[in-house]
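Derivation of every value follows stated rules applied to the coordinates shown; laboratory data play no part. These figures come from a predicted structure and were not determined experimentally. Quick reminder, even Gly has a Cβ in these numbers, built from the backbone with ideal geometry, and neighbours come from all protein chains shown.
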Amino acid sequence: MGSMANLTRESFKRPDDLTNKDDPRVLYVRSYLLIRTLVGLLGIVLPLALIIGEAYFLRGTVQVRGSLSAYYHTSMRDVFVAGLCVIGFLLATYMSAQTNTWDFWLSLVAGVAVLGVAFFPTSRSGIAEGAPLCGDASLPAGCSAIQQQLGETVVAGIHYTSAAIFIVSLGVLAFYFASRERRFTSNIGLANVLQLCGVVIFAAVAWVIVGGLLDATFWGFTPLYVGEVLSVWAFGLAWLLKGRDLWKLLAPSSHD
């Protein structure tokens, strides 16, 4: 592997006909375009799946939690962890055959960070003041094994750090995709939308901070929850747009 200074924005020239399965380049393109599409879809669907899924399991009304991470401590834990793990591993292995590119390293950082979000849960919500935290010898209810081993506060710190790295990485990736679009395809319209996705992500981070200080919760939606959902949706849209060429695989070749 080369140093970070030697990383390039160049990847490889895509074949014109993405339906020609006899071309090894086409198979490679199909793989990473499929990853882009799946990552984008998961990012958009996951917040909705958590809300609707919990309402279905609890046989109650649709509700939201204080944050997406809070779903770890609900009946939707498995869906939350599984969704983040799929996204994390797809991001971490995206463009893995070209480790000299910014695409690979930026998505790797995001992938590892979101795995940290999944494996190191946030603190339990609704804990009474003075109640024992995870790690206490009394074995408080609702603690995961890692919280009991390392302590609830330490695990939550790792969780929040991982979440911050993940969201910032998503914003950087969106801006990077926009610059790639301008440089290599001259598709200014798409580049502007991708850049807007990056702006939304960082604006959402700002809202989490400012809204949190102002305690600006509306209709049960906390600043943290709104910021997380907006970030994930903007990220999902950016990856869906970048994977738009996947649809070419379903169309007959223009050379036929």
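How far, in nm, would the chain grow between SER31 and CYS85 when pulled straight, counting 0.36 nm per residue and subtracting the alpha carbon separation?
Values: separation 54, 0.36 × 54 = 19.44 nm, distance 1.86 nm.
Between SER31 and CYS85, full extension yields 17.6 nm more.
Suppose the chain between THR161 and ARG244 were pulled fully straight at 0.36 nm per residue; how much longer would it get relative to their current alpha carbon spacing? The partial results should precede the final answer.
Values: separation 83, 0.36 × 83 = 29.88 nm, distance 3.19 nm.
Taking THR161 through ARG244 to full extension adds about 26.7 nm, to one decimal.
What list of ³J(HN,Hα) couplings, whole Hz, do you get for segment 89-104 from phi and the Karplus terms 6.51, -1.76, 1.60, once you set θ to phi - 60° and write x for glycine and proline?
Residue by residue, segment 89-104 yields 5, 5, 5, 5, 9, 5, 6, 5, 7, 10, 6, 8, 10, 5, 3, 5 Hz.
Would you mind ranking MET76, MET95 by Cβ crowding within 10 Å, fewest neighbours first? Write out the running numbers ahead of the final one.
Numbers: MET76 24, MET95 21.
Listed from fewest to most nearby Cβ atoms, that is MET95, MET76.
Report Rg(Cα)/(2.2 N^0.38 Å) for segment 18-157, keeping two decimals.
On the way: Rg = 19.0 Å, N = 140, 2.2 N^0.38 = 14.4 Å.
So the Cα radius of gyration is 1.32 times the expected 2.2 N^0.38 Å.
Among TRP207, TRP105, TRP219, rank each residue by its count of other Cβ atoms within 10 Å, from fewest to most, as a rough exposure measure. Can you show the working numbers first?
On the way: TRP207 18, TRP105 15, TRP219 5.
Starting with the residue having the fewest Cβ neighbours, the order is TRP219, TRP105, TRP207.
Around ILE127, what is the net charge, scoring Lys/Arg as +1 and Asp/Glu as -1 over all other residues with Cβ under 15 Å from its Cβ?
Numbers: positive: ARG65, ARG124; negative: GLU129, ASP136, GLU152.
Spelling it out: positives minus negatives among the neighbours equals -1.
What is the distance, in nm, between label points placed 7 Å from the Cα along the Cα-to-Cβ direction at ILE127 and at PHE218?
A separation of 3.2 nm, rounded to one decimal place.
Let me have the relative contact order for the chain, percent, based on Cα pairs under 8 Å that are six or more residues apart.
Numbers: 356 pairs, mean separation 63.8, N = 256.
In percent, rounded to a whole number, it is 25.
Give the Rg/Rh ratio for the chain, taking Rg as the radius of gyration of the Cα atoms and Rh as the Kirkwood radius, to two decimals.
Here the Rg-to-Rh quotient is 1.02.
Under the 0.36 nm per residue contour assumption, what length would be gained going from the current alpha-carbon distance of ILE209 and SER96 to full extension? Before the final figure, lay out the partial values.
Numbers: separation 113, 0.36 × 113 = 40.68 nm, distance 3.42 nm.
Computed gain between ILE209 and SER96 is 37.3 nm.
Output needed: percent of Cα pairs per 10 Å distance bin for segment 85-147, bins running from 0 to the one holding the longest distance.
21, 32, 20, 18, 9, 0
Sort ILE158, ILE201, ILE188 so that the residue with the fewest other Cβ atoms within 10 Å of its own Cβ comes first and the one with the most comes last.
Values: ILE158 16, ILE201 26, ILE188 11.
Neighbour counts put them in this order, fewest first: ILE188, ILE158, ILE201.
Does anyone have the angle between helix 223-242 and the longest principal axis of the chain? Alpha-carbon axes, 0 to 90°, nearest 10?
20 degrees
As an exercise, use a Förster radius of 45 Å and the Cβ-Cβ distance of ASP23 and PHE57 to find the FRET efficiency, rounded to the nearest 0.05. Spell out each step's value before the answer.
Numbers: r = 46 Å, r/R0 = 1.03.
Computed FRET efficiency for ASP23 and PHE57: 0.45.
Where the only charges are on Cβ atoms (+1 Lys, Arg; -1 Asp, Glu), what is the dipole of the chain about its Cα centre, to the nearest 20 debye?
Numbers: 17 positive and 16 negative charges, 105 e Å.
With only Lys, Arg, Asp and Glu charged at Cβ, the dipole is about 500 debye.
Output the relative contact order of segment 110-256, whole-number percent, from Cα pairs under 8 angstrom with separation of 6+ residues. List each step's numbers first, then the result.
Numbers: 156 pairs, mean separation 28.2, N = 147.
The value is 19 percent.
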